[in-house]
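Below is one structure; the comments refer to it alone.
The values are calculated or read from the model by the stated rules, or taken from the named source; none is laboratory data. Since the model is a prediction, treat every value here as computed from it, not as a measurement. Here the Cβ positions follow ideal geometry from the backbone for every residue, glycine too, while neighbour counts run over all protein chains shown.
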Amino acid sequence: MTDPERTAATLLVRHADELVTLAGHGAAPLTGAALGELGVIPDGAVATAGDRIVAVGPSDLVERSVTLADDARVVDAHGKTVLPGFVDPHTHLVYAGTREREFPLRLAGASYLEILHAGGGILNTVAATRAADEATLAQRTRERLDTALRHGTTTLEIKSGYGLDTATELRQLSAAQRAGRGHAVRTVTTFMGAHAFPPEFRDAPERYLDLIVEAMIPAVAHGGLATFCDVFCEEGVFDVAQSRRILEAGRAAGLRPKLHADELASSGGAELAAELGAVSADHLVYASDAGLAAMAAAGVVAVLLPGTTFSLMGSHYAPARRMIDAGVPVALATDANPGSSPTESMQIIVNLACLQLKLSPSEAIAAATLNAAHALGLAHEVGSLEVGKRADLLVVDAPSHTYLAYHYGTNLAERVIAGGRVAWQRNGPRSEDRP
Ligand SMILES: [Zn+2]
């Protein structure tokens, strides 16, 4: 049967036990009680044409509203949950070397400084990254993107910050862009020269700020190498005044501000994020009530990183419930990095958000999709299943979204669809697929 009025779908996913749409929320991130409103459709379907979603709804309605292109692929999602692809809005994915050697030291109780003095810590990664060429960095990053994709991530942010000199910072960003080119995971880059003070500037921190503002930021902007500028705003790292100087210089060059804020102590980071109208403030373990109120008023997204607290064996997690009560939009990310959060899986982050941040399964899934897209300024494109948006979705081997949040430590992703194409699937071709 052909009807010229109906769109020819190239992919139809139908009969999902639960179709999690996150539809109908407009242009604002989800806050307060609305955070848990997933817009679940039982026996749901999604049809796509090219890289766009063309129909979403109950399976019978969707099947009636589209025709199938000759080479269309039909996926039966009976017994499964279908949801938007995960958006990971905070990673440090481009680096060389790994840090498992300091893991036993950390387990034995060595402090951050003891590890640093034993040749570990961030400066270990800086040394390895400085020594790596762009092709190597791009290849390692591509492998990590493959891992993220297999676990259901379809959009991911990547920060620099393991170069801490102009050449290496630019090389990191260039490698991150190279890794993302042609990859199924859509990538966004962030310049983070202010991740730490490099050893050669230990006695002259203001000279390193000059270098960031006068050399790095102009070069990053000129090369079109990043969308955002991020700073580790924390007592003993970059203080509020230094962070403001860098983020304002970044903004003047067209880089939107983001912050690592209040991770180790209440340092004024949340307040600064609100003052600057940052896209997001991340970590926020020790954010003040005043800072959270200011973020809520300014609409700054709080990106929470429970994997980091978990991996560092911390007992104090970000006050997510207090944030939700205060009206702050909450998102989740992996913080994937070799030192304090070596994972690319948003599934484990959703689980930790429930167990440690006390989010409900629906809240955690909203925070890992639509609100995470807001944390990258990409919610008009990704983060929900709505007509016109990019066709990024997952079929997970879970009868409900609650099961997805509850069952941890195994990869439940069965098919990952990015831009309307099956970018990854478990166990090769499935018998129920046609043609
Ligand atoms: Zn980080």
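Summary of values
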{"read-out": "Number of the exception - residue 424 against (1) in a strand (DSSP E or B); (2) surrounded by 24 or more Cβ atoms within 10 Å (Cβ to Cβ)", "value": "(2)"}
{"read-out": "Search result, residues across segment 261-270 that are surrounded by fewer than 24 Cβ atoms within 10 Å (Cβ to Cβ) and not in a loop (DSSP other than H, G, I, E, B)", "value": "none"}
{"read-out": "Qualifying residues in segment 90-115 (those that are surrounded by 14 or more Cβ atoms within 10 Å (Cβ to Cβ) and over 30 Å from residue 179 (Cα atoms)) - the one modelled with the lowest pLDDT", "value": "112"}
{"read-out": "Scope segment 20-55; condition in contact with a strand residue (DSSP E or B) (Cβ under 9 Å, 6 or more places away or on another chain), of a type in the set (A, V, I, L, M) and closer than 18 Å to residue 87 by Cβ; matching residues", "value": "20, 22, 23, 30, 35, 38, 46, 53"}
{"read-out": "Some residue of segment 319-331 being farther than 26 Å from residue 401 by Cβ, among the aliphatic types (A, V, I, L, M) and buried (at least 24 other Cβ atoms within 10 Å of the Cβ)", "value": "no"}
{"read-out": "Subset of segment 225-237 (residues that are under 11 Å from residue 261 (Cβ atoms) and either more than 13 Å from the ligand (Cβ to nearest atom) or in contact with a Leu (Cβ under 7 Å, 6 or more places away or on another chain) (or both))", "value": "230, 231, 233, 234"}
{"read-out": "Residue in segment 264-305 that is nearest to the ligand (Cβ to nearest atom), counting only those that are touching a Ser or Thr at 6+ places or on another chain (Cβ under 8 Å) and hydroxyl-bearing (Ser, Thr, Tyr)", "value": "286"}
{"read-out": "Residue in segment 75-98 that is more than 30 Å from residue 59 (Cβ to Cβ), small (Gly, Ala, Ser) and free of Cβ contacts under 8 Å to residues at least 40 places away in the same chain present", "value": "no"}
{"read-out": "Residue within segment 134-145 that is without any contact (Cβ under 8 Å) to a residue 24 or more places away in the chain, under 18 Å from residue 335 (Cβ atoms) and within 16 Å of the ligand (Cβ to nearest atom) present", "value": "no"}
{"read-out": "Single residue of segment 137-194 satisfying the filter (of a type in the set (Lys, Arg) and outside any strand (DSSP E or B)) that is surrounded by the fewest Cβ atoms within 10 Å (Cβ to Cβ)", "value": "181"}
{"read-out": "Meets criteria (modelled with pLDDT of 95 or more, closer than 27 Å to residue 175 by Cα and not in a loop (DSSP other than H, G, I, E, B)) for residue 87", "value": "yes"}
{"read-out": "In segment 278-316, the residues that are at positive phi, buried (at least 24 other Cβ atoms within 10 Å of the Cβ) and either part of a loop (DSSP other than H, G, I, E, B) or of a type in the set (Phe, Trp, Tyr) (or both)", "value": "284"}
